[in-house]
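The next block holds one structure in the form of structure tokens; read it before the comments.
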Amino acid sequence: MSPRKAGPGGLLLFPGAGSPASHPSLRAIEAAVAPLPTSRADFPYRKEGRRAPDRPPKLLAAVVEEAARLAERAGVAPDRLLLGGRSMGGRMCSIAVADGLPAAGLVLISYPLHPPGKPEKLRTEHFPRIEVPCLFVSGTRDSFGTPAEMEHHTAAIAGPVEHVWIDGKGHDLKGADDVLAAEVSRWVAAWRR
């Protein structure tokens, strides 16, 4: 039986660069997908009380470590996990999966396509190596990537891609935790059909 038919066995979520794993939106998602085993994980710099993110190799190592920990705790194969999170957290998960980390799919919230005001500095070089289903949830006013930019660049992803746009919201998706959690829960539930 394929992992997709079996349904996801767990969900690993990382926060964005400036927030902890206790971020309200991540807690809302965890509650919405219950009883699916879910882990909200902090990157090493956050655990060490630092504000500046670590370099990508250390961030990616944390994704690999936390995915293994959740797979063991949930008693499932690593390729049954959904990985993702907000902004930098989701981006690091997407790079880890593109680099070969097994996963069932990616949940990418406010994916930082490029730095604000710098559309030429794309963070998409790994997209063609992503072969798992991806859910992108972003605000229509996200300065890290417009809906048109996102849809254009995510077309390079080999796996199926779904976009959910939260109207009028920026990168922080402020005030949209309920909508965000409901959309992630809907997408996760569709795996069980």
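Results, tabulated for the structure shown:
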{"item": "Test: residue in the range 23-31 that is surrounded by fewer than 24 Cβ atoms within 10 Å (Cβ to Cβ), in contact with a strand residue (DSSP E or B) (Cβ under 6 Å, 6 or more places away or on another chain), in contact (Cβ under 8 Å) with a residue 60 or more places away in the chain and closer than 26 Å to I166 by Cβ", "result": "no"}
{"item": "Every residue from the range 88-105 that is touching a residue at least 40 places away in the same chain (Cβ under 8 Å) and touching a strand residue (DSSP E or B) at 6+ places or on another chain (Cβ under 7 Å)", "result": "G89, G90, M92, C93, S94, A104, G105"}
{"item": "Contacts under 8 angstrom Cβ, first residue in the range 155-181 being at positive phi and in a loop (DSSP other than H, G, I, E, B), partner hydrophobic (A, V, I, L, M, F, W, C) and surrounded by 13 or more Cβ atoms within 10 Å (Cβ to Cβ), 6 or more apart", "result": "L173/I109; L173/V137; L173/I166; L173/L180"}
{"item": "Matching residues in the range 66-100 - criterion: being assigned to a strand (DSSP E or B) and of a type in the set (D, E, K, R)", "result": "R86"}
{"item": "Contacts under 6 angstrom Cβ, first residue in the range 126-147 being surrounded by 15 or more Cβ atoms within 10 Å (Cβ to Cβ), partner among the acidic types (D, E) and assigned to a strand (DSSP E or B), 6 or more apart", "result": "L135/E162"}
{"item": "Some residue of the range 84-95 being crowded, with 23+ Cβ neighbours inside 10 Å, charged (D, E, K, R) and within 15 Å of the chain's Cα centre (by Cα)", "result": "yes"}
{"item": "Residues within the range 148-189 that are loosely packed, with under 14 Cβ neighbours inside 10 Å, over 18 Å from A28 (Cα atoms) and out of contact with any strand residue (DSSP E or B) (no Cβ under 9 Å at 6 or more places or on another chain), tallied", "result": "3"}
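The numbers here are math on the coordinates, done by the rules we state, and not lab data. The structure presented is a predicted model; accordingly, all values stated were derived computationally and were not measured. Here Cβ is always computed from backbone atoms with ideal geometry, including for glycine, and neighbour counts include all displayed protein chains.
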